[in-house]
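K.L.:
Have a look at this one.
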Amino acid sequence: MGAVNFSKEELLNMYDEIVKARVIGEKIVEFIYSGRIAGAIHPCLGQEAVSAGLVSAFRKSDIKTYGTATHRMQTVMAYRLGLKPFISELLLRKGGINGGISGEYHVTSIEKTQIPGTGALGGAWGLIAGFAWGLKTDGRKREIGFAPYGDGAISSGATYEAMNLAAIFKLPMLFFIENNGIAMTTPVIKQSPLENLADRAAAFNMKGVTVDGNDPIAVAEAVLNGMELAANFEPNVVEAKCMRWEGHYVGDDQSLYRDVKFRDNLDAIDPVLAFQKKLVDLKYLDDAAIKKVREAKVAEVSEAFEEGMTQGVATREEVLDYNRIYSNDAGGEL
Ligand SMILES: Cc1ncc(C[n+]2csc(CCOP(=O)(O)OP(=O)(O)O)c2C)c(N)n1
């Protein structure tokens, strides 16, 4: 496939997504610091181009992409599940796609291609390898498994078993590494001797590419190429290098374990501003359009959060309803 052409409309959609990701990140921080919600939610601030690139690739391709999401890919889950059903689920409210009992980690809807992740990191790649194996056995065409993880999660040994199985059985599967340079408090250089984590693909005789995760076009292009290979039963790895701006979760004081000097000039590394400038240079955006998109996304995301907060939470009986938790209903049939 190689170089991918994106139309003006597609680039403007990509801009919508990157701004939406920024606003979702800001809302999560705002809601936690104001005490409106509790919990360790992991903000995507600084990593918006990764999600915008992924969503743009999924939207552009005819390949059906079943997958999980990392705990910073709220915008990808919102794309798959719908903004309101996803945000309500994140808020653990009844209007959520799983009635508010899954939360964002375990949110599931096979119909909408969302596979549940696992709270214990490492397992999901194996889970998706199994899923992709099922797709292949079923004779599905142009349907793949999408397996994303962070730089820390792939240090779990189970991920190598998944890569090996995918390579041996030629599974329709794309491994995606969202490398934000740090896992909780551990910098990536203390986890891996490799400069590029996608190089691990070589050990399994797979292709692996590393792209600038601050550039949504580069991410979308690499993912579209990777999806195409996967659909042709060539499992492969795409790595997007980005930067985590906040602590691990909202409220985590990262100055205790890393130099936060980079925060003095976030504009210099801001993926939203960089992409915005690109579109302004192309004359696809001007100040008025920038303002309009920002206002529209703030309104859309705020409405989803506010509406979610008006909904009740699941009752004790609903949460403990074993028939539901252990049912075969995963939100639609394959
Ligand atoms: C098996 C396991 N060990 C530890 C944790 C605790 N934990 C949650 S997120 C996280 C860091 C993950 O880092 P990374 O995969 O790089 O993703 P990031 O948070 O940087 O986006 C850890 C250690 C866990 N959930 N599962």
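K.L.:
Under the classification rounded if a/c is under 1.5, otherwise prolate if a/b is larger than b/c and oblate if not, where does the chain fall, given a ≥ b ≥ c as square roots of the Cα gyration tensor eigenvalues? Walk me through the numbers on the way to the answer.
P.N.:
Working: a/c = 1.31, a/b = 1.05, b/c = 1.24.
Verdict is rounded for the chain.
K.L.:
Which whole-angstrom value gives the distance between the alpha carbon centres of segment 248-277 and segment 290-321?
P.N.:
Each part's Cα centre sits 26 Å from the other's.
K.L.:
Taking square-rooted eigenvalues a ≥ b ≥ c of the alpha carbon gyration tensor, is segment 244-319 rounded, prolate or oblate, where a/c under 1.5 means rounded and, failing that, a/b exceeding b/c means prolate?
P.N.:
Note, shape of segment 244-319 comes out oblate.
K.L.:
Gain in length, Leu12 to Ile290, computed as 0.36 nm per residue apart minus the alpha-carbon separation, to one decimal in nm? Please list the in-between numbers first.
P.N.:
On the way: separation 278, 0.36 × 278 = 100.08 nm, distance 1.05 nm.
The span from Leu12 to Ile290 would gain 99.0 nm if fully extended.
K.L.:
Quick check on packing: order 61-72, 30-41 by the mean number of other C-beta atoms within 10 Å, highest mean leading.
P.N.:
On the way: 61-72: 21.7, 30-41: 13.9.
Final packing ranking: 61-72, 30-41.
K.L.:
Taking every DSSP beta bridge that has both residues in segment 8-323, what percent is antiparallel when rounded to the nearest 5?
P.N.:
Numbers: 3 of 26 bridges.
Given both bridge residues lie in segment 8-323, the antiparallel proportion sits at roughly 10 percent.
K.L.:
Give the order of Cys44, Cys242 when sorted by the count of other beta carbons within 10 angstrom, beginning with the fewest.
P.N.:
Result, fewest neighbours first: Cys242, Cys44.
K.L.:
Could I ask something else about it? List every residue whose amide H lies under 5 Å from the amide H of Met173, counting only residues 5 or more places away in sequence or on a different chain, with H placed 1.01 Å from N in the peptide plane.
P.N.:
Hits under the 5 Å cutoff: Gly145, Glu234, Asn236.
K.L.:
Let me ask something else about it. Rank by packing, highest mean first: peptides 180-186, 92-98, 145-151, with packing defined as the count of other Cβ atoms within 10 Å averaged across residues.
P.N.:
On the way: 180-186: 17.3, 92-98: 21.0, 145-151: 26.4.
Highest-to-lowest ranking by the protection proxy: 145-151, 92-98, 180-186.
K.L.:
Once amide H atoms are placed 1.01 Å from N in the peptide plane, what residues at a sequence separation of 5 or more from Ile182, or on another chain, have their amide H within under 5 Å of its amide H?
P.N.:
When sequence neighbours closer than 5 places are left aside, the close amide H contacts are Val188.
K.L.:
Hey, can you rank 167-173, 311-317, 52-58 by average C-beta count inside 10 Å, highest first?
P.N.:
On the way: 167-173: 20.9, 311-317: 11.9, 52-58: 27.6.
Order by mean packing, descending: 52-58, 167-173, 311-317.
Here, each number is a calculation from the coordinates, and none is a lab measurement. Keep in mind that what you see is a predicted model, and the values were worked out from it rather than measured. Glycine also receives a Cβ, built like all others from the backbone with ideal geometry; neighbour counts cover every protein chain displayed.
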